[in-house]
Amino acid sequence: MASSSDPRKVFNDLDTDKSGKLSALEFRNGIRKLGLGLTSREIDQLMIRIDMNGDGVIDYNEFINRFGPHRNKEAENLIFERAK
C-alpha cells in the first residue's frame, strides 16, 4: 500500500476496480491489509461514518474528509488505538 502521506495514492490503492469509489469490500480488504486488528463490525462502522451521503460507497471527497490534511480525528484515533 502507498505511503499514508499521500491520501490520493492510498485511495487509488484501495480502489482495486478503479471505479473512483470504494465499495464496502474494497474498503474492508484495504483496512484488513493494514493489520490494525479491527473487527468486521468496527470496519463496517468506520465505513458508515466515512460514507457521508449513505450511498454505500466511499468517494474520494468522503475519504479525504476523514483521512486527508483536515481529517476528522475520531476515525484516525480509532485506527491508531486499535493498532497499539
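For the stretch 53-74, filtered to residues that are hydrophobic (A, V, I, L, M, F, W, C) and at pLDDT below 95, the residue that is least open to solvent (accessible area, probe 1.4 Å) is F63. Scanning the stretch 1-34 for residues being open to solvent by 60 Å² or more (accessible area, probe 1.4 Å) and more than 16 Å from F67 (Cβ to Cβ) gives a total of 7.
Pairs meeting the criteria (first residue in the stretch 1-21 and basic (K, R), second residue at pLDDT below 95 and surrounded by fewer than 11 Cβ atoms within 10 Å (Cβ to Cβ), beta carbons under 9 Å, at least 6 apart or on different chains) are K9/M1; K9/S3.
The values are calculated or read from the model by the stated rules, or taken from the named source; none is laboratory data. Since we're looking at a predicted model, the values are computed, not measured. Cβ sites come from the backbone with ideal geometry, for glycine too, and all protein chains shown count toward neighbours. These area figures cover heavy atoms from the full protein model, side chains too; ligands, DNA and RNA do not enter into them. Shrake-Rupley method; radii C 1.70, N 1.55, O 1.52, S 1.80 Å.
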